[in-house]
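Single-structure report; data block below.
The values are calculated or read from the model by the stated rules, or taken from the named source; none is laboratory data. Quick caveat, the model's predicted, so the values are computed rather than measured. Note that we place each Cβ from the backbone using ideal geometry, even for glycine, and neighbour counts take in every protein chain shown.
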């Protein structure tokens with residue numbers, strides 16, 4: 001690979017995320033695709049070659065190649081995604097590397113999907129579809145589901161997306177309660193612990209971010225508090241849930257159902273969980289709409305553009 005001039009705007013693309021965004025980056029910058037190189041030696045050689053010139057990285061926010069930190073002049077990591085689980089903030093903080101992500105633009109898509117899971121689990125929609133196709137309808141009626149009206153949706157992590165979910169749930173005439181690290185000025189009951197919130201909820205929905213502070217924080221005690229008529233929904237991060245405890249709670253009918261869009265070891269779903277018929281499983285599609293992914297990609301580009309514009313203003317004429 002030949003570097004044309006040091007005045008080019010170089011971007012190291014660490015991994016494959018959104019093809020349309022990567023194609024756009026290719027048209028705007030001199031891009032270097034780290035994931036296309038098969039061996040670590042080839043990847044390190046590329047970084048050594050572009051190291052003197054490349055100050056920016058574009059990457060998926062949930063995972064990245066740690067070799068990016070070998071760029072000696074790295075100044076910006078532009079992440080595609082709202083969660084930044086894949087970023088080593090010890091390194092970025094110590095080296096004053098800026099990290100940007102793509103918040104807000106995916107709020108509506110994730111909130112819509114969250115309510116989809118609430119409906120799917122409450123009314124047993126996935127099994128109803130299979131039942132309608134099976135030919136069994138003339139033989140026996142399909143089991144009853146549960147109303148949403150009057151039920152309490154307990155939201156763990158009432159941030160921007162959580163508030164959008166609450167607005168949608170209110171349209172279904174549900175009640176809202178929540179748990180956060182800190183209470184907010186909102187007209188909803190606040191509970192100081194997740195267990196307490198679970199005890200007072202019919203449906204418990206997690207929008208928690210990943211990280212060590214939330215690792216497996218939704219555990220067997222939480223499911224016990226939610227109870228045999230309770231439903232658990234997770235559209236936050238899979239690492240926040242003890243999947244073994246969740247599987248056992250579903251298997252033993254300690255809780256009624258669950259709806260999941262995220263998992264601890266994506267894209268791998270535990271076999272024991274996938275065999276249960278009282279859980280709805282989605283392949284992490286919370287933000288997976290055409291419009292949302294394009295908006296996320298544009299924000300990646302906007303963040304890079306802002307960086308390069310600032311750098312040009314700081315460069316002496």
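Considering only segment 224-242, state which residues are in a helix (DSSP H, G or I), within 22 Å of the chain's Cα centre (by Cα) and under 26 Å from residue 148 (Cβ atoms).
238, 240, listed by residue number.
For segment 183-199, give me the residue count where each residue is touching a strand residue (DSSP E or B) at 6+ places or on another chain (Cβ under 8 Å) and more than 19 Å from residue 216 (Cβ to Cβ).
Just the residues of segment 183-199 that are touching a strand residue (DSSP E or B) at 6+ places or on another chain (Cβ under 8 Å), to begin with: 183-184, 186, 188-194, 196-198.
When the remaining residues are screened for being more than 19 Å from residue 216 (Cβ to Cβ), the result is 183-184, 186, 188-192.
The number of residues fulfilling the criteria is 8.
Just wondering, is there one or more residues in segment 160-182 that are in a loop (DSSP other than H, G, I, E, B), modelled with pLDDT under 95 and either in contact with a strand residue (DSSP E or B) (Cβ under 6 Å, 6 or more places away or on another chain) or on the phi < 0 side of the Ramachandran plot (or both)?
Yes - at least one qualifying residue is present in segment 160-182.
Looking for something in the same structural domain as residue 225 (by TED's automatic domain parsing) and under 16 Å from residue 108 (Cβ atoms) - is there at least one such residue anywhere in segment 171-193?
yes
Conditions tested, residue by residue: (1) in contact with a helix residue (DSSP H, G or I) (Cβ under 9 Å, 6 or more places away or on another chain); (2) over 18 Å from residue 120 (Cβ atoms).
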site	(1), (2)
144	no, no
158	yes, yes
163	yes, yes
182	no, yes
186	yes, yes
196	yes, yes
203	yes, no
206	yes, no
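Could you list, in sequence order, the residues of segment 119-142 that are touching a helix residue (DSSP H, G or I) at 6+ places or on another chain (Cβ under 7 Å) and under 28 Å from residue 222 (Cα atoms)?
Of everything in segment 119-142, those that are touching a helix residue (DSSP H, G or I) at 6+ places or on another chain (Cβ under 7 Å) and under 28 Å from residue 222 (Cα atoms) turn out to be 119, 120, 125, 126.
Determine which member of the set 206, 201 is surrounded by 18 or more Cβ atoms within 10 Å (Cβ to Cβ), more than 30 Å from residue 61 (Cα to Cα), without any contact (Cβ under 8 Å) to a residue 60 or more places away in the chain and in the same structural domain as residue 181 (by TED's automatic domain parsing).
On the way: 206 fails: more than 30 Å from residue 61 (Cα to Cα).
One residue alone meets the criteria, 201.
Being over 20 Å from residue 115 (Cβ atoms), touching a residue at least 60 places away in the same chain (Cβ under 8 Å) and out of contact with any helix residue (DSSP H, G or I) (no Cβ under 8 Å at 6 or more places or on another chain) is true for just one of 299, 313. Which residue is that? Before the answer, list the steps.
Values: 313 fails: touching a residue at least 60 places away in the same chain (Cβ under 8 Å).
Exactly one residue qualifies, and that residue is 299.
For every residue, the table says whether it meets (1) more than 20 Å from residue 312 (Cβ to Cβ); (2) at pLDDT 95 or above.
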residue: 13; (1), (2): yes, yes
residue: 51; (1), (2): yes, yes
residue: 67; (1), (2): yes, yes
residue: 74; (1), (2): no, yes
residue: 81; (1), (2): yes, no
residue: 93; (1), (2): yes, yes
residue: 102; (1), (2): yes, yes
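From the list 246, 276, 260, 226, pick out the single residue that is touching a helix residue (DSSP H, G or I) at 6+ places or on another chain (Cβ under 7 Å) and either within 19 Å of residue 158 (Cα to Cα) or outside the structural domain of residue 146 (by TED's automatic domain parsing) (or both).
226
Residue 4 passes all but one of (1) at pLDDT 95 or above; (2) in a loop (DSSP other than H, G, I, E, B); (3) more than 27 Å from residue 208 (Cβ to Cβ); which number fails?
Here residue 4 meets the rest and fails (1).
Within segment 210-226, work out how many residues are surrounded by fewer than 18 Cβ atoms within 10 Å (Cβ to Cβ) and closer than 14 Å to residue 194 by Cβ.
Of the residues in that region, 8 qualify.
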